[in-house]
Structure formats: structure tokens, C-alpha cells
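Structure first, commentary second.
The values are calculated or read from the model by the stated rules, or taken from the named source; none is laboratory data. Everything numeric here is computed off the predicted structure, so don't read it as measured data. Here Cβ is always computed from backbone atoms with ideal geometry, including for glycine, and neighbour counts include all displayed protein chains. Ligands, DNA and RNA are stripped out before the accessible areas are found, and what is left, the full protein with its side chains, is counted by its heavy atoms. Shrake-Rupley method; radii C 1.70, N 1.55, O 1.52, S 1.80 Å.
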Amino acid sequence: MSRHTVFRVDKSLERPERVMLVGVMLSADYTGANETRDRAFQTALAEAAELVSAAGGDLRLTESAKRDKAHTALFVGTGKAEELAAAVKAHDIELAVFNHELTPTQERNLEKILQCRVLDRVGLILAIFAKRAQTQEGKLQVELAQLNHLSGRLVRGYGHMQSQKGGIGLKGPGETQLETDRRLINQKITALKKQLQQVKKQRATRRKARSDGRLKTFAIVGYTNAGKSSLFNRLTKADVLAKDQLFATLDTTARKLFLSPEATVILTDTVGFVRDLPHKLVSAFSATLEETALADVLLHVVDASNPDFGRQMDDVNAVLEEIGAQDIPQLAVYNKIDLLPEGEREAGILRDRSGRAAAVRISVSSNSGLDALREAMTERALM
């Protein structure tokens with residue numbers, strides 16, 4: 001699978017694929033009062049729509065359903081699958097995106113019924129990552145995650161098992177095309193892991209050089225599109241890509257930051273997190289996320305204007321726990337306060353009962369609260 005073929009472009013029309021988004025409210029995933037569940041589900045669907053846009057798809061319609069649990073073979077059940085097939089035909093849909101992780105069997109069965117390509121949430125996020133990776137390390141990590149995702153889906157396209165001729169280095173005349181592809185993918189995965197291991201060694205060497213200077217490291221973390229890269233650029237006068245879109249940043253960048261005559265630190269910008277970030281992506285990006293796990297302080301950037309920011313903070317903390325960074329001290333940075341109602345835009349430091357800086361309210365776009373953030377970072381650097 002090429003890094004650039006998850007979403008296809010019709011060269012004759014120069015347009016992205018027509019996409020149908022499918023969301024299913026499973027009882028186990030949404031608890032509480034009906035109003036609370038519905039709001040959480042609609043928020044998840046809205047985020048998925050942003051993911052489709054970020055991946056380059058043309059979202060034509062959104063379909064939803066409710067189920068107690070996922071259907072084993074089709075995820076949505078037979079009746080709903082037939083409804084979706086009718087919608088695909090009526091709207092000339094080319095790609096159906098499910099805002100869930102599908103099994104290879106479910107994906108294959110859905111493609112047969114819908115008569116169009118099917119992509120699950122993992123594949124969708126991988127499509128964005130493939131589009132955004134800039135550095136060699138980022139591209140290696142994306143390719144590894146894609147191959148891991150693809151390896152379980154090799155049954156697609158093989159309606160019959162056709163034998164190959166024997167040859168030097170092959171298992172023999174009984175080997176099938178499917179087995180050959182799987183073996184080649186496994187070989188590529190092994191090679192990528194070796195390359196990424198080398199990257200980790202190089203990163204460790206650079207990190208040791210930084211630590212020899214006895215500078216504390218602050219890692220910027222947060223939900224995707226919370227304003228992490230914009231903050232990094234404003235503080236360090238760097239030119240990291242900062243766009244109002246999901247997963248604009250995939251590659252870790254580090255800069256030395258002078259805070260005060262007493263404190264100079266290393267500041268790193270990292271990939272944004274998202275609801276239900278697939279485990280295989282966390283695993284593939286271990287080389288990048290290691291920078292976060294080894295930081296002295298985490299700047300947890302939050303989009304304060306998002307009504308769901310509490311849940312987003314929980315999602316970020318869940319990923320931090322998965323990479324072993326849950327015990328690293330955090331300084332919450334509530335960004336985008338300029339988008340709040342008039343009486344809620346005051347910038348400054350929020351302190352806990354002991355008087356320690358626990359959070360800072362800022363707006364990167366209006367340049368307010370940044371001096372307070374530097375003050376709070378200086379306090380943490382000198383602790």
C-alpha cells in the first residue's frame with residue numbers, strides 16, 4: 001500500500017473521492033442520560049467529519065445508527081447495511097468511512113454489500129498521517145503503521161488461491177500469492193523497525209547532548225488542533241507548520257528557549273492526540289512519543305473555547321498513560337480564550353492551594369497571557 005493511495009483523486013476531474021461517513025452509537029461506548037449520550041455522539045461525528053476533510057475526502061453525507069453491540073460480520077447489521085448500500089448508489093459514493101475500528105472481515109463484507117471501498121477510523125487517521133509526514137522519521141513511522149494495519153487485511157482481492165511457480169528464495173510451488181504478499185510485508189515491517197530503532201538511538205544521542213547541558217525539557221502535548229504548534233512558534237520564533245486542521249504536526253521539533261536570566265529550557269512540539277487514538281499508531285510513533293515520555297514537564301495545551309475540552313483533556317491523559325508519561329508534572333495551558341464570551345477572557349496564571357502555578361490562560365492569536373506563561377514555566381524550570 002502506497003502512502004498516497006488511501007484516498008484517490010480522479011485525474012480526469014481533479015477532485016477528491018465522494019465520501020459517506022458512518023457513525024454507530026454503541027451502548028457500551030456512550031453512557032449516562034440520553035441528552036448527554038446524544039451530545040457526545042454528535043461531537044464524535046463532527047470530529048470524524050473533520051478527519052475526513054483533513055484526509056482530503058469530499059464528505060457528501062453522514063449516516064448514523066444505534067446498536068447494543070457491534071454486529072460480528074457487518075458491524076452495523078444486515079438491515080442497516082442494505083440502507084447504506086442504497087445511499088451509496090443514490091449519492092454515487094466512492095468511499096464509506098466508518099468512525100470505528102473494523103475487523104478485516106467486517107471491512108471485506110461491507111465492501112461486498114456497499115459496492116464501494118470501505119475505510120475504518122484507523123485507516124482514516126493513517127491517511128492523514130501519510131499526507132502530513134514530512135521528515136524521514138515521520139514517513140518511516142507512518143509506513144510501519146500502515147503495513148501493520150494492512151497485514152491483517154490481505155484477504156481482500158483474493159477470491160481464489162492461485163499457486164505460484166517455484167523459484168530461488170521462495171517457499172516452493174505450493175506458495176500462494178497471498179502468502180507471498182504477507183511474507184514480503186512482514187519483511188518490510190522488520191526492516192522498518194530496524195530503521196526506527198536506529199532513529200531512536202540517534203534521538204537518544206541528541207537528547208544526551210542536551211541533558212549534558214543540564215537544561216530541563218518541556219514537551220508540548222494536547223489534543224490535535226489545540227494550538228500547540230502556534231504556541232511553539234510564538235515562544236521560540238520557529239516556523240513549524242501551524243494550521244487550523246487536525247494533525248497538522250506529526251514530526252517532533254526541539255528548540256532551546258530562554259525564559260529568564262535564571263532559566264533556559266528545551267521546548268519540544270509533538271504530534272497531537274485524538275479520541276481513541278489507535279494503539280498501533282501509538283506503537284508505531286514510539287520514537288516520537290518517547291520525547292514526551294522523557295520530558296521534565298508537560299505543557300498540556302487545551303482549546304478552552306471547545307465546549308468538550310474536558311473530555312479532550314481526558315483523552316490526552318489516556319494516551320500519556322499508555323506511553324508511560326502519566327506521572328510527569330503538567331502545566332495546563334488554556335489557549336484560545338479570545339474566543340470565549342466577553343467576561344471570560346482574562347489571561348494569567350491560575351495557582352493551586354500551595355501557591356504553585358497549576359495552569360495559565362492565554363491566547364496565542366491575540367498574544368495575551370504569554371508573559372504569564374513564561375513566568376509559570378520559569379517557576380517550574382527552577383523547581
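Quick check on this structure: which one of 327, 315, 371 is over 30 Å from residue 36 (Cα atoms) and not in a loop (DSSP other than H, G, I, E, B)? So that I can check it myself, show each step before the final result.
Numbers: 327 fails: not in a loop (DSSP other than H, G, I, E, B); 315 fails: over 30 Å from residue 36 (Cα atoms).
Checking each option against the conditions leaves just 371.
Using the structure shown, decide if residue 254 is buried (at least 19 other Cβ atoms within 10 Å of the Cβ), within 23 Å of the chain's Cα centre (by Cα), at pLDDT below 90 and over 16 Å from residue 295 (Cα atoms).
no
Return the total of residues in segment 115-128 being open to solvent by less than 10 Å² (accessible area, probe 1.4 Å) and touching a Leu at 6+ places or on another chain (Cβ under 6 Å).
Here the count works out to 3.
So which of 35, 47 ends up being open to solvent by 20 Å² or more (accessible area, probe 1.4 Å) and either acidic (Asp, Glu) or modelled with pLDDT under 95 (or both)? Quick ask: steps written out before the conclusion?
Values: 47 fails: open to solvent by 20 Å² or more (accessible area, probe 1.4 Å).
Answer to the check: 35.
State whether the residues of segment 100-109 include one that is surrounded by fewer than 22 Cβ atoms within 10 Å (Cβ to Cβ) and in contact (Cβ under 8 Å) with a residue 60 or more places away in the chain.
yes
Checking residue 42 against (1) modelled with pLDDT of 85 or more; (2) outside any helix (DSSP H, G or I), which test does it fail?
Condition (2) is where residue 42 drops out.
Which members of segment 317-340 meet the condition of being of a type outside the set (A, V, I, L, M) and free of Cβ contacts under 8 Å to residues at least 60 places away in the same chain?
Kept after step one, since they are of a type outside the set (A, V, I, L, M), are these residues of segment 317-340: 317, 321-322, 324, 326-327, 329-330, 334-336, 338.
Within segment 317-340, 317, 321, 322, 324, 326, 327, 329, 330, 334, 338 meet the criteria.
Can you confirm whether segment 226-249 contains a residue that is modelled with pLDDT of 60 or more, open to solvent by less than 40 Å² (accessible area, probe 1.4 Å), closer than 27 Å to residue 54 by Cα and of a type in the set (D, E, K, R)?
Let us first name the residues in segment 226-249 that are modelled with pLDDT of 60 or more, namely 226-239.
The next check asks that each one be open to solvent by less than 40 Å² (accessible area, probe 1.4 Å); those that pass are 226-229, 231-233, 235-236, 238.
Keeping just the survivors that are closer than 27 Å to residue 54 by Cα gives 226-229, 231-233, 235-236, 238.
If we keep only those that are of a type in the set (D, E, K, R) as well, we get 228.
There is at least one residue in segment 226-249 that is modelled with pLDDT of 60 or more, open to solvent by less than 40 Å² (accessible area, probe 1.4 Å), closer than 27 Å to residue 54 by Cα and of a type in the set (D, E, K, R).
Those residues that are part of a loop (DSSP other than H, G, I, E, B) and in contact with a Pro (Cβ under 7 Å, 6 or more places away or on another chain), I need them from segment 76-125; list them, please. Quick ask: steps written out before the conclusion?
Applying the first criterion (part of a loop (DSSP other than H, G, I, E, B)) to segment 76-125 yields 76-77, 91-94, 99-103, 115-116, 120.
Within segment 76-125, just 101 meets the criteria.
In segment 53-100, which residues are within 17 Å of residue 112 (Cβ to Cβ), out of contact with any helix residue (DSSP H, G or I) (no Cβ under 9 Å at 6 or more places or on another chain) and acidic (Asp, Glu)?
Across segment 53-100, the qualifying residue is only 83.
Tell me, yes or no, whether segment 349-356 has at least one residue that is open to solvent by 20 Å² or more (accessible area, probe 1.4 Å) and assigned to a helix (DSSP H, G or I).
No, there is no match, as no residue in segment 349-356 is open to solvent by 20 Å² or more (accessible area, probe 1.4 Å) and assigned to a helix (DSSP H, G or I).
Provide a single number: the residues in segment 74-99 that are surrounded by 15 or more Cβ atoms within 10 Å (Cβ to Cβ), small (Gly, Ala, Ser) and out of contact with any Lys or Arg (no Cβ under 8 Å at 6 or more places or on another chain). Steps first, answer last, please.
So in segment 74-99, the residues surrounded by 15 or more Cβ atoms within 10 Å (Cβ to Cβ) come out as 74-77, 80-81, 84-85, 87-88, 93-99.
Those still in the list that are small (Gly, Ala, Ser) too: 77, 81, 85, 87, 96.
Subset that is out of contact with any Lys or Arg (no Cβ under 8 Å at 6 or more places or on another chain): 81, 85, 87.
So the answer is 3.
Of the numbered conditions (1) open to solvent by less than 60 Å² (accessible area, probe 1.4 Å); (2) in contact with a His (Cβ under 8 Å, 6 or more places away or on another chain); (3) of a type in the set (D, E, K, R), residue 322 fails exactly one; give the number of that condition.
(1)
Sort through 338, 314, 371 and tell me the only one that's more than 30 Å from residue 41 (Cβ to Cβ) and open to solvent by 40 Å² or more (accessible area, probe 1.4 Å).
Details: 338 fails: more than 30 Å from residue 41 (Cβ to Cβ); 314 fails: more than 30 Å from residue 41 (Cβ to Cβ).
Among 338, 314, 371, only 371 is more than 30 Å from residue 41 (Cβ to Cβ) and open to solvent by 40 Å² or more (accessible area, probe 1.4 Å).
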